[in-house]
Amino acid sequence: MRIGTRGSKLALWQAEFTQAELRRIGVESELVIIKTKGDVVQHLSFDKMEGKGFFTKEIEDALLRGEIDLAVHSMKDLPTHQPEGLAITAVSYRDNPADLLIMRPDATTPGQIFKLKPGATVGTSAARRKAQMRHFRPDVELKDLRGNVPTRLEKLRRGEYDAIFLAAAGVGRLGLDLNGLEIVELNPREFVPAPAQGVLAWQAHRDDLPTRRILKQIHHPEISAVTNVERRVLQLMDGGCQLPLGVHATRDNAGNFHVFAACEINGEMRHAQVSQSTSFGLAEKIVEQLAVRVV
């Protein structure tokens, strides 16, 4: 099987993990590396780029042309509307969904929120992270940060930023050396991550039933149950990388759903929280709460 992937270290980790999962069920595969718009355009933040699917469109086009058999994506990068002819067939386990705030030691101040010194320069290009940081720490200076994960860390170590955001899942998967840096793991119920953060999505052609049957063997339905809710909220909000929206859903041992959301609307940070026994209407309730001014 031919697996389409981006060429960054994290994307290759994801593709190699996919190969290992397929090998576990007796399927051999090869990697096909594809450059996306998000890889090529490094001088703009996501909110200044046109359209959606910055890290997925070129891979999806290759899938539609039959040049690859399946695509592996960070699920948080996938638009909620699938291109005609394609389907998300399976999802992976969920790694730690939290965001990390990684700081230079000289940028820390005990007693401050996130231990971050007043007026610090914080690097991120994600509208969601910018909005939530402004909410918690309006004193900090937010500065765009692009590049792959190792490049971002190098910029931090060089002193271009006092702190940067990274997804805990990416840091863990790459086994990065964070010695000498201060790390604060942000509670996903308070500093809400991107919908489906920490999950991989496997995409195939809708009519390619043999590939889809294979992918179903490595599918995690319990993870799909919560990411479906998160991505439904994103879909209802008509969002992509430009929307400052965080959504995090979990299920407890009794099967109840607990959903937390945060979104900046008209310059105001709004929060929503809903718990119920089924997923029916859950995303709609979150969107309704976000749309109403929360006092």
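The values are calculated or read from the model by the stated rules, or taken from the named source; none is laboratory data. Because the structure is a prediction, the values reported are computed rather than measured. Note that we place each Cβ from the backbone using ideal geometry, even for glycine, and neighbour counts take in every protein chain shown.
For segment 69-98, what are the residues that are of a type in the set (Gly, Ala, Ser) and part of a loop (DSSP other than H, G, I, E, B)?
Narrowing segment 69-98 to residues of a type in the set (Gly, Ala, Ser): 71, 74, 85, 87, 90, 92, 98.
Result: 85, 98.
Tell me which residues, restricted to segment 257-295, are free of Cβ contacts under 8 Å to residues at least 24 places away in the same chain, surrounded by fewer than 18 Cβ atoms within 10 Å (Cβ to Cβ) and of a type in the set (Val, Ile, Thr).
Matches in segment 257-295: 278, 292, 295.
For segment 180-200, state whether one or more residues are farther than 27 Å from residue 271 by Cβ, crowded, with 19+ Cβ neighbours inside 10 Å and either of a type in the set (Phe, Trp, Tyr) or in the same structural domain as residue 243 (by TED's automatic domain parsing) (or both).
yes
Please state which one of 166, 174 is modelled with pLDDT of 95 or more, crowded, with 17+ Cβ neighbours inside 10 Å and in the same structural domain as residue 133 (by TED's automatic domain parsing). Please lay out each step first, then the result.
Values: 174 fails: modelled with pLDDT of 95 or more.
It is 166.
Do any strands (runs of 3 or more DSSP E) lying entirely in segment 124-208 carry at least 2 residues that are farther than 25 Å from residue 91 by Cα, and which ones are they?
Output list reads 141-143, 163-167, 182-185.
Which of the numbered conditions does residue 66 fail, given that it passes all the others? Conditions: (1) over 20 Å from the mean Cα position of the chain (by Cα); (2) under 28 Å from residue 33 (Cβ atoms); (3) outside any loop (DSSP other than H, G, I, E, B).
(3)
So which of 212, 157, 134 ends up being assigned by TED's automatic domain parsing to the domain that holds residue 56 and among the basic types (Lys, Arg)?
212
With the requirement that a residue be in the same structural domain as residue 158 (by TED's automatic domain parsing), of a type in the set (D, E, K, R) and farther than 15 Å from residue 193 by Cβ, what does segment 73-128 give you?
Within segment 73-128, 104, 106, 115, 117 qualify.
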